[in-house]
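The values are calculated or read from the model by the stated rules, or taken from the named source; none is laboratory data. All figures in this text were calculated on a predicted structure; none of them were measured in a lab. Positions of Cβ are backbone-derived with ideal geometry, glycine not excepted, and every protein chain shown enters the neighbour counts. Accessible surface areas use protein heavy atoms only, side chains included; no ligands, DNA or RNA. Shrake-Rupley method; radii C 1.70, N 1.55, O 1.52, S 1.80 Å.
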Amino acid sequence: MDQSIFDGVQEAIQDSLGIPREKITLKARIIDDLGSDSLDLLDILFAIEERFGIKIKRGQIEAMARDGMSEGEFERDGLLTAQGAERLKQIMPEVDQAQIVEGMGVYKIPYLFTVETFCRLVERKMAEKR
């Protein structure tokens, strides 16, 4: 993990949420541990885009997990399929894998996001720019 990326993501989260920097660790969950809500998530992503000069689409992580899969392969009726859960685990190896299970509501995906998830997303976007 590039320290400058972690520092920039940490600053963006601190600016958006107004919480002490030492609480913003790689494994901290953005919603459950740091107290973010959906509007805060958008604010954090915007701040990250500004800091790093990248564009992050809304739903980017879910879109990466769905890539190449049909609607029914990833989820059915808003619930992850076994294939969808496996793909999400591949895209988000930094997340507690036991939390990603078949039958999990797709709406719960943002609850999985950690600070490291955002760092990895920045790394991926920076590599695309090169």
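Close Cβ contacts (under 7 Å, 6 or more residues apart or on different chains) running from residues in the range 25-54 that are among the aromatic types (Phe, Trp, Tyr) to residues that are open to solvent by less than 70 Å² (accessible area, probe 1.4 Å) comprise Phe52/Gly8; Phe52/Val122; Phe52/Met126.
The number of residues in the range 41-59 that are surrounded by 14 or more Cβ atoms within 10 Å (Cβ to Cβ), outside any helix (DSSP H, G or I) and either hydroxyl-bearing (Ser, Thr, Tyr) or more than 13 Å from the chain's Cα centre (by Cα) (or both) comes to 1.
If only residues of the range 74-89 that are free of Cβ contacts under 8 Å to residues at least 12 places away in the same chain and closer than 15 Å to Leu112 by Cβ are counted, the one that is least open to solvent (accessible area, probe 1.4 Å) is Lys89. Residues in the range 60-73 that are without any contact (Cβ under 8 Å) to a residue 24 or more places away in the chain and either assigned to a helix (DSSP H, G or I) or surrounded by 12 or more Cβ atoms within 10 Å (Cβ to Cβ) (or both): Ala63, Arg66, Met69, Glu71, Gly72, Glu73.
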